[in-house]
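Q: Okay, here's the structure, questions in a sec.
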Amino acid sequence: MSPLISRRVGRPTAALALLAAAALATPATLAVAAPAVPAATPVVQAPAAPAAPAAPQSQAAPQSQAAPQAPAAATAWAAGTRAYLVISAPADIAAAKSAVTANGGTVFASYDAIGVVVAHSTSTGFAAAVRAVAGVQQVGATRTSDVPADAYNPALPANPAQSATTLTESNRWDMTQIKADQAWAVSTGSSTVKVGVLDTGVDDQHQDLAPNFDAADSASCAYGKADTRTGAWRDVDTHGTHVAGTIAAAKNGKGVIGVAPGVKIASVRIAEPTSTLFFAENTVCGFVWAGDHGFKVTNNSYYTDPWQFNCPDNLDQAAIIEGVRRAQAYAEGKGSLQIAAAGNSNYDLANKTTDSDSPNDSTKVTRTITNACIDIPTELPGVVTVSAMASGTGKASYSNFGRGVIDVAAPGGDGATGVYSTLPGGKYGTKSGTSMASPHVTGVAALIASANPTFTPADIRARLATQANDVACPSDSRCTGTTANNAFFGEGQVDALKAVGGGTPPTGKYFENLTDVAITDNATVDSPLAVTGVGGNAPTALKVGVDIKHTYRGDLVISLVAPNGTVYLLEDFTDSDSADNVAKTYTVNASASPADGTWKLRVKDGASGDVGTVDAWNLTF
């Protein structure tokens, strides 16, 4: 397994030094070419100790009402500073803060409504001392390395120069696979729906993201405290910008289109610069921010560092589990559904035995674990866990799986076929991973929320499951369960068209043939599709969705045959394309042909050695 399949929740097991960041996606192949702080708790408390010098001013005036600045420092940074979650009942939070300061620590941030304090200390006996204080329920170190000095005077991420693009929008394989291209004809989502991208940050000035970006609800939660300066939310990598494009890149004629191009996206950067790790205090801050800022859905393509799995029999990891669990429950209670990637280690999450990738911020060790140890936030109650599919109906080779753990599946890419999306600086590129699968589900959830404004997180979660299309297990003994719900795909692959139309394609306008037709060597085959009730001639922009499974598609010529015999060439792959399969939507000016009658998808195989199947095809008038 290549270590380059995604830097997110669940990194591949090999060569993880290259993936010290905790995000789930392959490196990108480049294509040519400040908010108001809510008054309600939980409140991030300013520490009582003297503040460090103010951070450099941002490039633009903050957009918040209170002119927010960089997070106030707890004290001057010192080598050996470690971070801890100190957990109490919310009613005992004042006593917990007192316990921190009385035992050699400082309160760096406090989330009063959930009873979680982020504490810093250089004392090696800090955790044990505070655990002994009445009213303190749990204390846990969140990392095995020092807190960076940047936490006390955080630098703003770079604001990249933007490159214009000549790329025009097309229906990519991942969007046609979940029928997002068909969904856009019904709805692109509502601008009242806010989606939070909890990740490495987002390039808000990217030409495909700027139209939908919500700066007023964006921030950085790196180090566990909200930084609301303008631009603090920007990308310290490329991962978060790629994820954001898959969710909601604008339908503006350029670049790419997201699953829900009409919704708003906000960036909550929870990755720290340089390391790009996602520590527990950052995730706590991110979830609380999501709840307080009205995010209907959040995407979480990472796991909480430094432990790939957190075990409840370890005092530190137990506190991490509880702190993040409380923050996620808080966000859900405020109306926010969390979607998370399953991970990229081809690991059975329902049968855990070992963890060789932790801690990833210092020296990794191999340890024996059980199913009591969990990947967070992926395996927390209420979180929708997403596995990755390749182009077609197979599990992506790297994707984690697990009977009863995976909820739904979505395209994540595999091999030479990746997910194409936005990158910082106005660029575009390809990545693969469950990091790429999760934002597809987040986009579908945003479409569900748009169509059903009163839905709760539980309602959206249930609709994702019931509308998913069943995907049967392959011939793989690890895939246990039924076609309706199994270890590889959970309830199945999400369906954007059902999300916007209740599962019914536009009446009289959408027709589909799901009958397989074999494509043999050196032969031409037709797959018929009867169209009735449309009347008149076909449109100038007839949509032809094609799903063909065929190794080496350079053998193929694909055409559409109208009822009057007119042949419209869709694509001639002959000798020009060595990739496998065709999953595309073509646009045809068929206005010279009658709409009603029998249409045919014609596929000519012009060589020997590779065969395949017309798996499905459709027409949208």
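Q: What FRET efficiency comes out for the pair residue 168/residue 329, r = Cβ-Cβ distance, R0 = 41 Å, nearest 0.05?
A: 0.40
Q: Rounded to the nearest 0.05, what FRET efficiency is calculated for residue 610 and residue 526 with R0 set to 25 Å and r the Cβ-Cβ distance?
A: 0.80
Q: Over the stretch 240-317, consider all pairs of different Cα atoms and compute the Kirkwood hydrodynamic radius from their mean reciprocal separation; express it in Å, one decimal.
A: Evaluated over the stretch 240-317, this radius sits at 14.4 Å.
Q: Which log10 I(q)/I(0) values does the stretch 88-171 give at q = 0.22 Å⁻¹ under the Debye formula, counting every alpha carbon as one identical point scatterer?
A: Computed log10 I(q)/I(0) values: -1.07.
Q: Quick one: putting +1 on the C-beta of Lys and Arg, -1 on the C-beta of Asp and Glu, what dipole do you get for the stretch 265-345 around its Cα centre, in Debye to the nearest 20?
A: Roughly 340 debye for the stretch 265-345.
Q: Kindly give the semi-axes, whole Å and largest first, of the ellipsoid equivalent to the stretch 110-220, taking each as the square root of 5 times a Cα gyration tensor eigenvalue.
A: One finds semi-axes of 43, 20, 14 Å for the stretch 110-220.
Q: For every other residue with a beta carbon closer than 12 angstrom to the beta carbon of residue 84, add +1 if it is Lys or Arg and -1 if Asp or Glu, then tell me the sum.
A: +1
Q: Taking R0 as 22 Å, what's the FRET efficiency between residue 144 and residue 366 from their Cβ-Cβ distance, rounded to 0.05?
A: 0.90
Q: If N is the number of residues in the stretch 520-621, what value comes out of its Cα radius of gyration divided by 2.2 N^0.38 Å?
A: Ratio of Rg to 2.2 N^0.38 Å for the stretch 520-621: 1.07.
Q: Sticking with this one: Nearest 20 debye, what's the magnitude of the dipole of the stretch 518-606 about its Cα centre given +1 on Lys and Arg Cβ and -1 on Asp and Glu Cβ?
A: Approximately 320 debye in magnitude.
Q: For the stretch 288-382, what Kirkwood radius comes out of the mean inverse Cα-Cα distance, in Å?
A: That comes to 14.0 Å for the stretch 288-382.
Q: On the first, second and third principal axes, largest extent first, how far apart are the outermost C-alpha atoms of the stretch 362-403 in Å?
A: Cα extents, longest axis first: 38, 26, 20 Å.
Q: In the stretch 383-479, what percent of the accessible surface is made up of carbon and sulfur (1.4 Å probe, ligands and nucleic acids excluded)?
A: It is 51 percent, rounded to a whole number.
Q: May I have the convex hull volume per residue, in Å³, for the Cα set of the stretch 142-296?
A: Given the Cα convex hull of the stretch 142-296, per-residue volume reads 114 Å³.
Q: Of 249, 345, 231, which is farthest along the charge dipole of the stretch 197-348 in the positive direction, counting Lys and Arg as +1 and Asp and Glu as -1 at C-beta?
A: So the residue we want is 249.
Q: Once both labels are modelled 7 Å past Cα along the beta-carbon direction, what's the residue 578-residue 557 spacing in nm?
A: 2.3
Q: Over all distinct alpha-carbon pairs, what is the Kirkwood Rh of the stretch 576-621 in angstrom?
A: That comes to 13.6 Å for the stretch 576-621.
Q: Specify the inter-centroid distance of the stretch 301-344 and the stretch 383-434, based on alpha-carbon positions, in whole Å.
A: For the stretch 301-344 versus the stretch 383-434, the Cα centre distance is 21 Å.
Q: Can you tell me the Rg and Dmax of the stretch 377-494, counting just the alpha carbons, in angstroms?
A: Over the stretch 377-494's Cα set, Rg and Dmax evaluate to 14.4, 45 Å.
Q: Return the calculated 222 nm mean residue ellipticity for the chain, to the nearest 500 deg cm²/dmol, obtained by summing -39500 (n - 2.57) across DSSP H runs with n ≥ 4 and dividing by the residue count.
A: -5000 deg cm²/dmol
Q: A follow-up question, please. Let's test this: bin the Cα-Cα distances of the chain at 20 Å from zero up to the farthest pair and state each bin's percent.
A: Over the chain, the share of Cα pairs per 20 Å bin runs 21, 52, 22, 5, 0 percent.
Q: Mind ranking 148-157, 232-241, 282-291, 202-211 by how tightly packed they are, going by the mean number of other C-beta atoms within 10 angstrom, highest first?
A: By packing density, highest mean first, the sequence is 282-291, 232-241, 202-211, 148-157.
Q: Straight-line reach from residue 549: which lysines have Cα under 21 Å away, leaving out those fewer than 8 places along the same chain?
A: Partners found: 179, 395, 584, 600, 604.
Q: Two decimals, Cα atoms only, Kirkwood Rh: what is Rg/Rh over the stretch 432-511?
A: 1.02
Q: Oh, and also: For the stretch 473-546, what D do you get in µm² per second when you plug the Kirkwood radius from alpha-carbon pairs into Stokes-Einstein at 37 °C and 0.692 mPa s?
A: The Stokes-Einstein estimate is 201 µm²/s.
Q: Run the dipole for the chain about the Cα centre, Lys and Arg Cβ at +1, Asp and Glu Cβ at -1, nothing else charged, and hand back the magnitude in debye, nearest 20.
A: 940
Q: What ranking of 355, 526 comes out by heavy-atom accessible area, probe 1.4 Å, highest first?
A: 526, 355
Q: Another question, if that's okay. Taking the solvent-accessible surface of protein heavy atoms with a 1.4 Å probe, what is the per residue accessible area of the chain in Å²?
A: Here the per-residue accessible area is 34 Å².
Q: Here's another thing I want to ask about it. In Å and on Cα atoms, what radius of gyration and Dmax does the stretch 512-563 show?
A: 13.3, 38
Q: Grab the other residues whose beta carbon is less than 13 angstrom from that of residue 421, score K and R as +1, D and E as -1, and report the net.
A: Local net charge: -3.
Q: Tell me the net charge near residue 102. Cut-off is 15 Å between Cβ atoms, residue 102 excluded, with +1 for each Lys or Arg and -1 for each Asp or Glu.
A: Every neighbour counted, the sum reads +1.
Q: Hey, what do the phi angles of the stretch 89-100 turn into as Karplus ³J(HN,Hα) couplings, whole Hz, using 6.51/-1.76/1.60 and θ = phi - 60°, x for Gly and Pro?
A: 5, x, 5, 9, 5, 5, 5, 5, 5, 5, 5, 4
The values are calculated or read from the model by the stated rules, or taken from the named source; none is laboratory data. In this text the structure is predicted, and so the values were computed from the model without any measurement. Reconstructed Cβ throughout: ideal geometry from the backbone, glycine too, with neighbour counts over all protein chains shown. These accessible areas exclude ligands, DNA and RNA; they are computed on the full protein's heavy atoms, side chains included. Shrake-Rupley method; radii C 1.70, N 1.55, O 1.52, S 1.80 Å.
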